[in-house]
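Engineer: Quick one: the structure is below, and I'll ask about it shortly.
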Amino acid sequence: MKDFIRLFAVLLVGAVSLPASAALKVLATTPDWGALAIELGGDKVNVYVATTALQDVHRVEAKPSLVARARSADLVVATGAELEVGWLPVLLQESGNARVQPGQPGYFEAASALRLLEVPAKLDRAMGDIHPLGNPHVQLDPHNIQAVAHALTARLSQIDPSQAAFYAARGMDFDARWDAAIKAWEAKAAPLKGTPVVIMHRDQVYLCHWLGLTEVASIEPKPGVPPTAAYLGALVSKLGTTPVRLILLNAYNDPKAANWLSERVHAPAVVLPFSVGGSDGAKDLFGLFDDTLNKLLAAVK
Amino acid sequence: MMVFRPVAALMALATLPAMASGADDVAALRAELQALKSDYDARVDALEARIRQLEASAQASADAAEALATAPPAAPAPAPGGDVGDKASAFNPAISLILGGNFTGTSRDPAGWHIAGFPPAGDEAGPGGRSFNLGESELTFAASIDPYFAGTLTAAINGDNEIEVEEAFFRTTALRDGFSVKGGRFFSGFGYLNEVHAHAWDFVDQPLVYQAMFGGQHKQNGVQVKWLAPTDLFLEFGAETGNGDNFPGTRLESNGFNGATLFVHVGGDIGDYTSWRGGVSWLTQSSEARSGGIDDADGQPLFDAFSGDSDTWVVDGVLKWAPSPRRQLKVQGEYMHRRESGSIFDAGGSLLADDYRNTRAGWYLQSVYQFAPRWRVGARYDSLDGGTPAYAFAPPNLLDASPERISLMLDWNPSEFSRLRAQYDWDDARDDGETDHALRLQYIYGIGAHGAHKY
């Protein structure tokens, strides 16, 4: 018992005397917000991303490694709108870090800068995994990225005022490059407008909205509910009368149902990166949209 | 009908000119329509141009404001549709409710179930009654209290119509540097499984070692201080004290507190798919006339009450491997070791020995594999060692108990909020030469606020 108390004390003292680093520590919940924080903060920020593009961000665990990162974070960048409701509250609660609690400057929600689509008028879990504050899968509309970038630039300057000029300059530079990129993407994507598609989950809604894709059906009968054989059968006959050009799915999705449907309705199933890191081409935010458009355009040719 | 009449009249009127006039009139009408359309197109274009202009200037001023970066950002806009305005209910805590129950079949009468070599630790142990059983309905209220504290109440209503306060605690939300304080009644932070609520267990019941050593989950009525080290490796230290009200302690007739708990947890990731956590904990408690004893090898009570000290060590570890969002392997195990020393008494309260000591131990190892998005299968092995009581006048026919149990489970999870489970136990907890076979079918449903689960 005495040994244990001694060990306890040694570990405690050792841990207290560790040095702290100078860069602003950012914990981003998704690779997209991590990539944005790097775009805006450059070498003034030290970014840790809690998830990968191959994870389903609805179902992430409050892993010890993440609690440790939340402990030392100066800024938590989350999507908000309850996307991370199953794990982020635990991280923040266990972190012992008052600076990143909701309501504090160190807690940033991308959704706070956006107008969300699909805010449900009625809430009932019989409708599946619906998000009460609206669809939180906002990153596939580059206009959303831009709005979040503005808000995040302001927030970085607020919590790290000594570097405010740096963030402002970098923010403006990103904004200009992003503006140009949006113009190029929208010009390039013009032929996609009105393309009838089947989506996998409601996390592709913002992409459809941005590009003007027509969502004919969804492989999930209800958000978060996997399709049954009967539902897929009905879908095949529906798509017989209303043909689609593409079936969209994300890198993290199980491709089984989409491939099955693809064979029967003769429309290609396109695997999109969905998040930064979701494909070889999606190395950063620019790459995410470049690659998404390239894959879509190649598939409709 | 009143409504339809004018509409019908209008429709009739609209068709009149077309019927009455010739092709020239149609052409004229077309030209007129075309003119109207192009006029509108021009107007729409002008409006769109103005909107773009306005957006650009708003953008420019926003950029300018950011460039200055002197003003703090505006408060986050209220969520669309989330008009909380002046509703009195807006501050209501988040409420979640767990409904649970099971159907149990056992080969031996569950009324005689006990863990050989261990004093009874509480009534939450054992396979439960036969046939249908209403489980605990768990009601949780949680909310921030003010900018400094948050509060949580979890009440369990059991099938016998009793309400039990499982947890009722405040915790700090404004402390910095990794500190947090919790007070009230809460699940003690030692080990791994102790803090996990019943609805999140991977099996119907707890491992035997928890049932034997703590009568289920160990609740602390007291305070807890935790400190998380500022390291990339998860390194957490915790200390608790309380009134000792829960097994193996008893409330003492004195001021101050009874017992202390210290724990260290370490955790991290191995690559992208694997995470782990391990820990060492130490608990000490005292008890005065704690009722419940153990039997000798002939089934006769050796003693009926105990006063003295209990020191418990717990080593825990868990490893999770999640190679895809639809598959996960979880392996966890805990080892507990308890030394008790003090005095023992008979049923009448007379002292039998004042140099009693015993060392008991136990462990479990379990693994759960999610092999499909909605399906999980698991296996668990429990092993206990009842130790050998030692005291000056100890009889020769002491029981050398080593209870064991093997559990297999399969569960189906239609959504995050529902779970149906089947569990089979090969149960040798009684260690009397006859094994019990138990089959339990269980449901767990969650309604209300979306809870966030611990690791």
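The values are calculated or read from the model by the stated rules, or taken from the named source; none is laboratory data. Note that the coordinates shown come from a computational prediction; the quantities given were computed from them, not determined experimentally. For neighbour counting, all protein chains shown are included, and Cβ atoms are generated from backbone atoms with ideal geometry for every residue, glycine included.
Engineer: Being away from chain A (no Cβ under 14 Å), in contact (Cβ under 8 Å) with a residue 40 or more places away in the chain and assigned to a strand (DSSP E or B) is the filter here, so list the residues in the range B:347-382 that pass it.
Structural biologist: B:Leu352, B:Ala353, B:Tyr356, B:Arg360, B:Gly362, B:Trp363, B:Tyr364, B:Gln366, B:Tyr369, B:Gly378, B:Arg380, B:Asp382
Engineer: Right, here's the next one. Out of all the residues in the range B:190-205, is one or more of a type outside the set (A, V, I, L, M, F, W, C) and facing chain A (nearest Cβ under 10 Å)?
Structural biologist: Within the range B:190-205, not a single residue is of a type outside the set (A, V, I, L, M, F, W, C) and facing chain A (nearest Cβ under 10 Å).
Engineer: Here is a further query. Output the residue which, of all residues in the range B:389-423 that are over 24 Å from B:Trp375 (Cα atoms) and not in a loop (DSSP other than H, G, I, E, B), is modelled with the highest pLDDT.
Structural biologist: B:Glu404
Engineer: Right, something else. Among the residues of the range A:282-301, what is the count of those that are part of a loop (DSSP other than H, G, I, E, B) and either among the aromatic types (Phe, Trp, Tyr) or closer than 20 Å to A:Phe174 by Cα (or both)?
Structural biologist: Result for the range A:282-301: 3.
Engineer: Looking only at residues in the range B:254-272 that are over 30 Å from B:Pro325 (Cβ atoms) and assigned to a strand (DSSP E or B), which one is farthest from the other protein chains (Cβ to nearest Cβ)?
Structural biologist: B:Thr261
Engineer: Same structure again: Cβ-Cβ distance below 7 Å, separation of 6 or more or different chains: which pairs start in the range A:115-141 with a residue that is touching a residue at least 60 places away in the same chain (Cβ under 8 Å) and end on one that is surrounded by fewer than 14 Cβ atoms within 10 Å (Cβ to Cβ)?
Structural biologist: From residues that are touching a residue at least 60 places away in the same chain (Cβ under 8 Å), the pairs are A:Ile130/A:Leu123.
Engineer: Go through the range B:427-455 and give me each residue that's within 14 Å of another protein chain (Cβ to nearest Cβ) and out of contact with any helix residue (DSSP H, G or I) (no Cβ under 8 Å at 6 or more places or on another chain).
Structural biologist: Hits for the range B:427-455 are B:Tyr445, B:Gly448, B:Ala449, B:His450, B:Gly451.
Engineer: Could you tell me whether B:Val204 is outside any strand (DSSP E or B), of a type in the set (Val, Ile, Thr) and within 30 Å of B:Thr104 (Cα to Cα)?
Structural biologist: On the way: outside any strand (DSSP E or B): yes; of a type in the set (Val, Ile, Thr): yes; within 30 Å of B:Thr104 (Cα to Cα): yes.
So B:Val204 passes the test.
Engineer: Ok, one more. Under 27 Å from A:Gly278 (Cβ atoms) and out of contact with any strand residue (DSSP E or B) (no Cβ under 9 Å at 6 or more places or on another chain), is that true of A:Arg202? Walk me through how you get there before you give the answer.
Structural biologist: On the way: under 27 Å from A:Gly278 (Cβ atoms): yes; out of contact with any strand residue (DSSP E or B) (no Cβ under 9 Å at 6 or more places or on another chain): no.
For A:Arg202, the condition - under 27 Å from A:Gly278 (Cβ atoms) and out of contact with any strand residue (DSSP E or B) (no Cβ under 9 Å at 6 or more places or on another chain) - is not met.
Engineer: So, one more: Just one of A:Ser279, A:Ser237, A:Ser262 is away from every other protein chain (no Cβ under 14 Å), of a type in the set (S, T, N, Q), crowded, with 16+ Cβ neighbours inside 10 Å and assigned to a helix (DSSP H, G or I); which is it?
Structural biologist: Answer to the check: A:Ser262.
Engineer: Only one residue in B:Lys219, B:Lys226 is touching a residue at least 12 places away in the same chain (Cβ under 8 Å) and either facing chain A (nearest Cβ under 8 Å) or touching a helix residue (DSSP H, G or I) at 6+ places or on another chain (Cβ under 6 Å) (or both), so which one is that?
Structural biologist: One residue alone meets the criteria, B:Lys226.
Engineer: Turning to a different aspect of this structure: Within the range A:39-58, restricting attention to residues that are surrounded by 19 or more Cβ atoms within 10 Å (Cβ to Cβ) and in a helix (DSSP H, G or I), which residue is nearest to the other protein chains (Cβ to nearest Cβ)?
Structural biologist: Checked the range A:39-58; the qualifying residue nearest to the other protein chains (Cβ to nearest Cβ) is A:Leu40.
Engineer: Further, regarding this structure: Being among the acidic types (Asp, Glu), in a helix (DSSP H, G or I) and under 27 Å from B:Ala174 (Cβ atoms) is the requirement here; does A:Glu82 meet it?
Structural biologist: Numbers: among the acidic types (Asp, Glu): yes; in a helix (DSSP H, G or I): no; under 27 Å from B:Ala174 (Cβ atoms): yes.
Spelling it out, it is not the case that A:Glu82 is among the acidic types (Asp, Glu), in a helix (DSSP H, G or I) and under 27 Å from B:Ala174 (Cβ atoms).
Engineer: Of all residues in the range A:265-301, which are among the charged types (D, E, K, R) and at pLDDT below 95?
Structural biologist: Residue satisfying the conditions is A:Lys301 alone.
Engineer: Of (1) part of a strand (DSSP E or B); (2) surrounded by fewer than 21 Cβ atoms within 10 Å (Cβ to Cβ), B:Gln220 satisfies all except one. Which?
Structural biologist: (2)
Engineer: Quick one: in the range B:223-269, of everything that is surrounded by fewer than 22 Cβ atoms within 10 Å (Cβ to Cβ) and β-branched (Val, Ile, Thr), which residue is nearest to A:Ala73 (Cα to Cα)?
Structural biologist: Among them, the one singled out is B:Thr231.
Engineer: I would also like to ask the following. What's the number of the condition B:Ser275 fails, among (1) more than 14 Å from chain A (Cβ to nearest Cβ); (2) hydroxyl-bearing (Ser, Thr, Tyr); (3) surrounded by 19 or more Cβ atoms within 10 Å (Cβ to Cβ)?
Structural biologist: (1)
Engineer: Among the candidates B:Ala401, B:Ala353, single out the residue that is over 30 Å from A:His131 (Cα atoms) and surrounded by 20 or more Cβ atoms within 10 Å (Cβ to Cβ).
Structural biologist: None of the other options fit; the residue is B:Ala401.
Engineer: Do you know which residues across the range A:145-194 are basic (Lys, Arg) and either away from every other protein chain (no Cβ under 11 Å) or crowded, with 20+ Cβ neighbours inside 10 Å (or both)?
Structural biologist: Selection gives A:Arg155, A:Arg177, A:Lys183, A:Lys188, A:Lys193.
Engineer: OK, next. Quick check: anything in the range B:181-188 surrounded by fewer than 17 Cβ atoms within 10 Å (Cβ to Cβ) and either modelled with pLDDT of 95 or more or in a helix (DSSP H, G or I) (or both)?
Structural biologist: There is at least one residue in the range B:181-188 that is surrounded by fewer than 17 Cβ atoms within 10 Å (Cβ to Cβ) and either modelled with pLDDT of 95 or more or in a helix (DSSP H, G or I) (or both).
Engineer: Follow-up question, since we're still on this one. Restricting to the range A:73-86, count the residues that are surrounded by fewer than 23 Cβ atoms within 10 Å (Cβ to Cβ) and either without any contact (Cβ under 8 Å) to a residue 60 or more places away in the chain or under 17 Å from the mean Cα position of the chain (by Cα) (or both).
Structural biologist: Counting residues in the range A:73-86 that are surrounded by fewer than 23 Cβ atoms within 10 Å (Cβ to Cβ) and either without any contact (Cβ under 8 Å) to a residue 60 or more places away in the chain or under 17 Å from the mean Cα position of the chain (by Cα) (or both) gives 3.
Engineer: For A:Glu82, state whether it is at pLDDT 95 or above and facing chain B (nearest Cβ under 9 Å).
Structural biologist: no
Engineer: Here is a further query. Of the numbered conditions (1) in a strand (DSSP E or B); (2) touching a residue at least 24 places away in the same chain (Cβ under 8 Å), B:Gln211 fails exactly one; give the number of that condition.
Structural biologist: So the condition that B:Gln211 fails would be (1).
Engineer: With the checklist (1) modelled with pLDDT of 95 or more; (2) under 16 Å from B:Leu208 (Cα atoms) in hand, flag the one item B:Tyr445 doesn't pass.
Structural biologist: That leaves (2) as the condition not met.
Engineer: Report every pair of residues separated by at least 6 positions or lying on different chains whose Cβ atoms are under 8 Å apart, first residue within the range A:93-109 and more than 17 Å from A:Pro64 (Cβ to Cβ), second polar (S, T, N, Q) and surrounded by fewer than 23 Cβ atoms within 10 Å (Cβ to Cβ).
Structural biologist: Between residues of the range A:93-109 that are more than 17 Å from A:Pro64 (Cβ to Cβ) and residues that are polar (S, T, N, Q) and surrounded by fewer than 23 Cβ atoms within 10 Å (Cβ to Cβ), the close pairs are A:Ala98/A:Gln104; A:Ala98/B:Thr173; A:Gln101/B:Thr173; A:Pro105/A:Gln158; A:Tyr107/A:Gln101.
Engineer: Of the residues in the range B:320-346, how many are within 11 Å of chain A (Cβ to nearest Cβ), under 28 Å from the mean Cα position of the chain (by Cα) and assigned to a strand (DSSP E or B)?
Structural biologist: Adding up the residues that qualify gives 7.
Engineer: Right, something else. Would you point out which residue out of A:Pro136, A:Pro105, A:Pro64 is surrounded by 22 or more Cβ atoms within 10 Å (Cβ to Cβ), at the interface with chain B (Cβ under 8 Å from one of its Cβ atoms) and at pLDDT 95 or above?
Structural biologist: The match here is A:Pro64.
Engineer: Here is a list of conditions, (1) of a type in the set (Val, Ile, Thr); (2) surrounded by fewer than 21 Cβ atoms within 10 Å (Cβ to Cβ); (3) touching a residue at least 24 places away in the same chain (Cβ under 8 Å); (4) away from chain A (no Cβ under 12 Å), and B:Ile294 meets all of them except one; can you say which number that is?
Structural biologist: Among (1) of a type in the set (Val, Ile, Thr); (2) surrounded by fewer than 21 Cβ atoms within 10 Å (Cβ to Cβ); (3) touching a residue at least 24 places away in the same chain (Cβ under 8 Å); (4) away from chain A (no Cβ under 12 Å), the lone unmet condition for B:Ile294 is (2).
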